[in-house]
Amino acid sequence: MRELGRRLAELLRAGDLVMLSGELGAGKTTLTRGLGEGLGVRGAVTSPTFVIARVHPSLGDGPPLVHVDAYRLSGGLDEMEDLDLDVSLSDSVIVVEWGEGKVEELTEDRLRLRIDRAVGDTTDEVRHVTVTGLGERWVGADVSVLAG
């Protein structure tokens, strides 16, 4: 998942919204950790469950990474704005875990990644990721770099 995040960073630019969904333990935060490495941002990318959102400024000239855990949010742009983030969302790459049905109004252009894994009593570490690009930004985008 971490390597997938690094490859995903190659596709992203400021203003992009990435929505991650999947079971607990599917690898959403691990993917975001790799994304942060690929974007070259400051700070350890960890789950923002208790703070809801973390901003990781760029160490270079790239966009900051805004990492949101929307599990406890009731949804919507107003609630995102209430987080009082110290960055402009249009100037950042925004990754939202558990965002379906909550943050779609941020932009029509978004990338949705659904991570599925075996659940229950298993040692299966295989993940199946479904990538769906929505909006004009992703029409014709070559997401083949994500195939591993």
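A few remarks follow.
- Subset tally (residues that are under 18 Å from residue 96 (Cβ atoms) and either small (Gly, Ala, Ser) or modelled with pLDDT under 85 (or both)) for segment 47-68: 7
- Residue identified as buried (at least 17 other Cβ atoms within 10 Å of the Cβ), assigned to a strand (DSSP E or B) and modelled with pLDDT of 95 or more among 12, 31, 8, 20: 20
- Checking residue 106 against (1) open to solvent by less than 50 Å² (accessible area, probe 1.4 Å); (2) at pLDDT 85 or above, the condition it does not meet: (2)
- Residues that are modelled with pLDDT of 95 or more and of a type in the set (Val, Ile, Thr), drawn from segment 34-46: 41
- Subset of segment 99-148 (residues that are assigned to a loop (DSSP other than H, G, I, E, B) and among the small types (Gly, Ala, Ser)): 99, 101, 118, 120, 135, 140, 141, 147, 148
- Selection status of residue 86, out of contact with any strand residue (DSSP E or B) (no Cβ under 7 Å at 6 or more places or on another chain), charged (D, E, K, R) and either at pLDDT 90 or above or in a loop (DSSP other than H, G, I, E, B) (or both): no
- Where residue 26 falls short, out of the listed (1) over 18 Å from residue 116 (Cβ atoms); (2) aliphatic (A, V, I, L, M); (3) assigned to a loop (DSSP other than H, G, I, E, B): (1)
- Every residue from segment 109-140 that is surrounded by 12 or more Cβ atoms within 10 Å (Cβ to Cβ), at pLDDT below 90 and hydrophobic (A, V, I, L, M, F, W, C): 118
The values are calculated or read from the model by the stated rules, or taken from the named source; none is laboratory data. These numbers were taken from a predicted model, which means no experiment stands behind them. FYI the Cβ positions are ideal-geometry reconstructions off the backbone, even for glycines, and counts take in every protein chain you see. SASA here: full protein model, heavy atoms, side chains in, ligands and nucleic acids out. Shrake-Rupley method; radii C 1.70, N 1.55, O 1.52, S 1.80 Å.
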